[in-house]
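One structure is given here, and the rest of the page talks about it.
Please treat every number below as a calculation from the coordinates, not as lab data. Just so it is clear, the model here is predicted, and its values are computed rather than measured. No Cβ is skipped: glycine too gets one built from the backbone with ideal geometry, and neighbour counts run over all protein chains shown.
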Amino acid sequence: MNIKTMINKGLTIVTTSLLLLNSTTMITSAQEKSDAFIADREITGLIFQSAGDAGVDSMSPEIAKYIKDRTGITLTLTTVTAEDSTQALAAGLAAGDLPDFISFYLNNSGRPEFPLLLSASNQGMFHDIAPFLKEGENYGKYFEEGYLPRDTKENIMMREDQNGATYLVHMSINEKPADPGNKTIGGPYIRKDIVDKLGIDPKSITTTEQLQDLLKQIAEGGFTDNNGNPVMPLGPTVWGGSERPFIYNDLVWSGAGGEKFWKEGETIKHESMTDYAEKRVAFVRQLMAEGLMHPEFYTMEETRAQEGVVNGSFAIVADMHNYRPEVGTAEELKYVPLGPINRVDGKNHMVMPYKSGYAGWAIPATTENPEEIVKFADWLAGPEGKMLYFYGLEGEHYTIGEDGKPMPNPDLVKLQAEKPDEALKEGFRGVRAWWGEHLAYTNMNNMDQFGEAAWGDKVRGAEGETASAAQQIIDYANFDERYEDKEVIDGLFARAYLYEYAGEDTKLTEALDGWDEDIVKAYYATSDEEAQAIIDAARQDLIDAGIEEYCQFLQEKEANGDVIFY
């Protein structure tokens with residue numbers, strides 16, 4: 001070997017060594033620059049929720065940079081454009097080409113998404129992340145005795161038949177039992193100016209008979225929307241067309257659980273075993289025939305529904321809540337709660353679960369290094385990540401008060417009230433940017449964690465200023481008084497037993513879902529006879545699927561000490 005060759009080889013070795021050393025130094029530097037570093041990677045999530053809830057593009061670049069600097073993670077979210085999120089989830093699971101994690105609606109194990117998710121879990125489509133969750137400072141709480149509600153623990157996350165594995169993570173769990181949280185007032189809302197002109201007390205409307213009389217008064221009152229067009233007395237929910245019970249609770253065979261199971265004496269029945277479907281269909285068809293209910297009440301897309309609410313096109317909105325910007329401002333409420341309408345037992349007192357959940361996430365088995373996704377979720381759900389998600393960046397969006405809690409920027413609170421689209425660009429939850437909802441929204445206790453029930457309350461409620469619109473509605477609806485008289489139930493929903501009863505056989509689940517879908521079809525039938533034929537066919541499908549036997553199974557569960565949330 002000549003001298004030149006030896007020199008070249010030596011230079012190559014030195015250069016390679018320097019490159020390796022430099023690369024190692026860069027990685028070490030990235031890891032050492034933050035005590036929250038997880039990995040230098042992109043985490044992609046597919047959100048099977050409506051576009052409004054998914055919030056896929058709502059994170060600001062500044063917040064994204066903060067997350068990258070602290071954790072090394074770039075969070076990228078996408079969603080599926082579909083009218084039905086459950087159908088989208090079914091198609092996504094069937095396709096199998098999934099990103100690092102998926103997020104989905106999952107109030108409880110009775111949701112139609114759950115059988116799909118459970119089947120996917122049992123087929124090995126998701127990672128078992130129990131070991132990683134247990135190591136987390138925040139998600140580790142899920143494994144403490146008494147922390148999770150029964151349904152979340154026994155049916156969704158820690159099933160006996162999965163031998164200690166956890167494939168699905170349930171979200172929005174309150175830190176404390178029966179915690180009112182943000183004191184949300186949901187259900188029907190009515191335009192306040194119409195209330196004032198008619199001189200009525202909206203809280204006195206507690207039956208569908210009274211509601212129908214009110215709708216007629218509105219129709220005869222000559223009320224118009226912001227554009228001068230006649231109002232529609234009853235419009236859909238602010239989220240768009242949907243079958244929700246709140247507007248006619250006393251015509252739905254169900255308690256607060258909303259699953260159309262209830263008890264007649266000691267006998268458990270599904271709605272199909274009663275005549276309540278006929279009563280409700282007749283009521284709805286009459287309202288539509290008389291022009292008192294919007295013809296697209298069950299079908300309108302979300303954007304049009306929101307536009308209608310903003311324009312005052314609906315005198316009564318079927319479902320909304322007090323934190324929606326459409327309710328108005330602290331200076332001028334535009335909508336106030338109506339009712340609540342009594343349930344079939346003639347009561348409308350507050351009924352709460354011991355704890356409840358909302359939405360969930362899972363990590364597909366194809367994802368590499370799933371522990372990094374869990375670590376990121378745990379960081380995001382912890383004090384630093386949650387403060388970032390809920391309140392934004394310190395010094396820009398909030399300051400820390402003497403109590404150690406965040407004080408929102410007053411100018412931003414004002415901007416959110418007056419120009420919500422502009423405020424949204426700031427990219428955190430307080431201004432309605434929902435990107436963190438899918439991994440961070442759990443262990444909820446806003447008062448202890450942030451010093452206020454909802455973002456901005458401390459600013460809006462400062463001395464000499466008017467209480468927030470949300471708080472005004474809380475006071476108006478006597479929330480605190482109703483909360484004191486609440487009934488708390490720590491039980492499983494009636495549909496939560498379906499897997500135990502039928503295993504992988506989904507015939508009854510499909511028939512139950514079909515019942516709800518067919519009732520909506522009956523609303524739009526061309527004749528009363530056709531409507532009855534639709535109900536009869538749906539009822540027979542449930543009988544064939546074993547609904548009567550299932551109700552007997554539930555009765556046996558109750559007899560053995562199980563508590564069922566109807």
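Cross-link pairs exceeding 21 Å in C-alpha to C-alpha distance, out of K192/K279; K65/K375; K134/K386; K216/K279; K375/K458, comprise K192/K279; K375/K458. Residues in the stretch 291-297 carry Karplus couplings, in order, of x, 9, 10, 4, x, 9, 3 Hz; the curve used is 6.51 cos²θ - 1.76 cosθ + 1.60 with θ = phi - 60°, and Gly or Pro positions show x.
Highest mean first, the peptides 236-248, 358-370, 481-493 sorted by other C-beta atoms within 10 Å per residue fall in the order 236-248, 358-370, 481-493. Protection proxy ranking, highest mean first, for peptides 328-334, 288-294: 288-294, 328-334, where packing is the per-residue count of other beta-carbon atoms within 10 Å, averaged.
Going from the fewest other Cβ atoms within 10 Å to the most, the residues I543, I194 appear in the order I543, I194. Distance between the C-alpha centres of the stretch 397-455 and the stretch 296-316: 27 Å, rounded to the whole angstrom. The stretch 232-246 and the stretch 164-225 have their alpha-carbon centroids 11 Å apart. Of all lysines in the structure, those lying under 22 Å Cα to Cα from K557, and not within fewer than 8 positions of it along the same chain, are K153, K260, K263, K269, K355, K507. Rounded to the nearest 20 debye, the dipole size of the chain about its Cα centre is 1440 debye, using +1 on the Cβ of Lys and Arg and -1 on the Cβ of Asp and Glu. For percent of Cα pairs over 40 Å apart, the value calculated from this model appears in (i) 19; (ii) 30; (iii) 45 under label (ii). This ranking places R150, R191 by how few other beta-carbon atoms lie within 10 Å of each, fewest first, which gives R150, R191. Between D505 and any residue 5 or more places off or on another chain, the built amide H atoms are never under 5 Å apart. Apply the a/c threshold of 1.5 to the C-alpha gyration tensor of the stretch 492-565 and tell me whether it is rounded, prolate or oblate. Note, shape of the stretch 492-565 comes out prolate. Helical content alone sets the calculated 222 nm signal of the chain at -12000 deg cm²/dmol, taking -39,500 (n - 2.57) per DSSP H segment of four or more residues and averaging over every residue. Considering only alpha-carbon pairs that sit under 8 angstrom and 6 or more positions apart, the relative contact order computed for the stretch 141-278 is 12 percent. For I489, the amide hydrogen comes within under 5 Å of the amide hydrogens of M352, Y354, counting only partners 5 or more places away or on other chains and with H modelled in the peptide plane.
Give me the net charge of I268's neighbourhood, meaning all other residues with Cβ under 13 Å from the Cβ of I268; Lys, Arg count +1, Asp, Glu -1. Net local charge, I268 excluded: -4.
The shape of the stretch 329-436 comes out oblate: with a ≥ b ≥ c from the C-alpha gyration tensor, a/c is at least 1.5 while a/b does not beat b/c.
Counting only C-alpha contacts under 8 Å and six or more residues apart, can you give the relative contact order of the chain as a whole percent? Once divided by the residue count of the chain, the mean separation gives 21 percent. In sequence order, the stretch 481-488 has phi-based couplings of 5, 5, 5, 4, 9, 5, 10, 10 Hz under the Karplus curve 6.51 cos²θ - 1.76 cosθ + 1.60, θ = phi - 60°, and Gly or Pro positions carry x.
Straight-line cross-link partners of K197 among the aspartates and glutamates, defined as a Cα under 17 Å from its Cα and at least 8 positions apart when in the same chain: D213, E220, D225, E332.
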